[in-house]
Amino acid sequence: GENVEQHPSTLSVQEGDSAVIKCTYSDSASNYFPWYKQELGKRPQLIIDIRSNVGEKKDQRIAVTLNKTAKHFSLHITETQPEDSAVYFCAAIALSGGYNKLIFGAGTRLAVHP
Amino acid sequence: SQTIHQWPATLVQPVGSPLSLECTVEGTSNPNLYWYRQAAGRGLQLLFYSVGIGQISSEVPQNLSASRPQDRQFILSSKKLLLSDSGFYLCAWSPQGGIGKAFFGQGTRLTVV
């Protein structure tokens with residue numbers, strides 16, 4: 001079945017620096033890759049997603065890139081701010097019995113220091 | 001617009017007691033429904049998913065079960081809780097036939113004592 005690996009598990013940056021989180025997936029049939037942000041004690045919130053027919057998508061300070069050949073995708077946050085501190089999860093769609101399900105990476109705890 | 005409700009928000013239960021967590025979705029029909037568990041400081045583990053009434057797929061053998069008695073209702077249950085069942089339980093939905101875009105409920109923090 002689908003396996004999603006996420007690195008690093010923790011990331012500490014200074015305010016204003018960039019942060020990059022990387023994920024790899026195993027199922028070459030996966031075609032949808034969302035990223036979620038989870039603040040402490042709260043539900044994960046979708047922040048950006050990408051489909052396999054594009055290589056990059058950007059939304060203000062966040063961007064996601066996808067390399068289907070290598071089966072990896074990355075989240076890029078530029079000009080980080082303290083409110084970006086959270087746990088970030090990547091995910092990939094897995095096909096099972098003709099149905100789609102989301103498989104998540106283990107998460108990256110991002111700390112942005114003022 | 002679609003909304004997802006999950007309750008209770010927190011729960012403390014003794015070992016060996018039963019469990020019932022409920023999740024309902026409004027504003028959509030025939031959604032895919034999911035139960036995830038998140039252990040402290042860990043990732044999201046898919047427990048169950050459902051594509052329709054009475055259709056439940058289990059991802060991990062465990063002490064839990066799920067049921068979908070109505071189109072937009074998903075229930076997570078246990079007959080006898082274990083200490084290892086403690087965690088943050090999240091219900092989620094995604095559009096049927098669509099790809100991805102799962103939306104999460106507020107979560108239930110379960111502590112088994």
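A short reminder: the numbers here are calculations on the coordinates, not readings from a lab. The structure presented is a predicted model; accordingly, all values stated were derived computationally and were not measured. So basically every Cβ, Gly included, is an ideal-geometry build from the backbone, and we count neighbours across all protein chains shown.
Taking the alpha-carbon distance from B:LYS80 and a cut-off under 20 Å, which aspartates and glutamates remain once sequence neighbours fewer than 8 residues away in the same chain are dropped? Candidates past the 8-residue exclusion: B:GLU22, B:GLU59.
Placing one equal scatterer on every Cα of the protein assembly as shown and applying the Debye formula, the log10 ratio I(q)/I(0) at q = 0.07, 0.18 Å⁻¹ is -0.22, -1.34. For the protein assembly as shown, the dipole from Cβ point charges (+1 on Lys and Arg, -1 on Asp and Glu) about the Cα centre works out to 380 debye, to the nearest 20.
For chain B, the fraction of alpha-carbon pairs lying more than 24 Å apart is 19 percent, rounded to a whole number. Binning all Cα-Cα separations of the range A:1-67 at 10 Å, short to long from zero, yields these whole-percent fractions: 16, 49, 31, 4. In chain B, a dipole from Cβ-located charges (positive for Lys and Arg, negative for Asp and Glu) runs towards its positive end, and of B:PRO18, B:PHE74, B:TYR49 it is B:PRO18 whose Cα lies farthest in that direction.
Listed by chain and number, the aspartates and glutamates placed with their C-alpha closer than 16 angstrom to that of A:LYS68 are A:GLU2, A:GLU5, A:ASP27, A:ASP49, A:GLU56; residues fewer than eight positions away on the same chain are left out.
Reported to the nearest whole Å, the Cα centre-to-centre distance from the range A:59-79 to the range B:45-76 is 32.
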